[in-house]
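A.B. asks: What follows is a structure written as structure tokens; I'll ask about it next.
Here, each number is a calculation from the coordinates, and none is a lab measurement. Computed from a prediction, not measured in an experiment: that's the story for all the values here. Cβ placement follows ideal geometry from the backbone for every residue including glycine, while neighbour counts extend to all protein chains displayed.
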Amino acid sequence: MGYVVEGIAYVGGTVLIGAGLYLVLRGTFPTWWRERLLWPLVRLTPTVSHLQGWAAVGLGVSILAIVFTTVAPDVVAGLLVVLAMAAYVVAVGLFLFSTWLSRRSAA
């Protein structure tokens, strides 16, 4: 059962990194995402898209770092946990900041 969860987490982290890099490189969301997946965002600017992309990359890196702790030596696993926590905090900060940017009134 543990390997199944690790596999799902590995795939999920990889998908998040891929989607994040897509947003960073394109600077816009795909049209089919607009209706279903963008509920906290109001105005979709390239800056908001880039920040959302980096948040997804950070979350994906956090997930992959946690997955790799199961096969890493103890010292490396400890460093990976610290990296995962830092990446997660940065990803949440980027997500909240980009959501705030998309909801603030245009000047």
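A.B. asks: What's the whole-number percent of alpha carbon pairs in the chain lying beyond 25 angstrom? Don't jump to the answer; show the numbers that get you there.
C.D. replies: Numbers: 1588 of 5671 pairs.
Roughly 28 percent, rounded to a whole number.
A.B. asks: Compute the signed sum of charges (Lys and Arg +1, Asp and Glu -1) over the other residues within less than 15 Å, Cβ to Cβ, of Phe68. Mind dumping the intermediate values first?
C.D. replies: Details: positive: none; negative: Glu6, Asp74.
Here the charged neighbours net out to -2.
A.B. asks: With a cut-off of 19 Å, note down the residues of the stretch 1-42 whose backbone N falls inside the zone around a label point 7 Å from the Cα of Thr70 toward its beta carbon.
C.D. replies: 1-17
A.B. asks: Identify the chymotrypsin sites (Phe, Trp or Tyr not before Pro) of the stretch 1-105 meeting these criteria: DSSP loop state and at most 15 other C-beta atoms within 10 Å of the C-beta. Present the calculation step by step, with values, prior to reporting the outcome.
C.D. replies: Values: sites: Tyr3, Tyr10, Tyr22, Trp32, Trp33, Trp54, Phe68, Tyr88, Phe95, Phe97, Trp100; in loops: Trp32.
For chymotrypsin sites (Phe, Trp or Tyr not before Pro) across the stretch 1-105 that sit outside H, G, I, E and B with at most 15 neighbouring Cβ atoms in 10 Å, the list reads Trp32.
A.B. asks: Compute the long axis of helix 46-68 from its Cα atoms, compare it with the longest principal axis of the Cα atoms of the chain, and write down the angle in degrees, 0 to 90, nearest 10.
C.D. replies: 10 degrees
A.B. asks: Using the alpha-carbon atoms, what tilt in degrees (0 to 90, nearest 10) does helix 2-26 show relative to the longest principal axis of the chain?
C.D. replies: 30 degrees
A.B. asks: Taking only DSSP H segments of four or more residues, each worth -39500 (n - 2.57), what value at 222 nm results for the chain once the sum is divided by all its residues, to the nearest 500 deg cm²/dmol?
C.D. replies: Values: 4 runs with 82 residues, N = 107.
Taking each H run of at least 4 residues, the total per residue is -26500 deg cm²/dmol.
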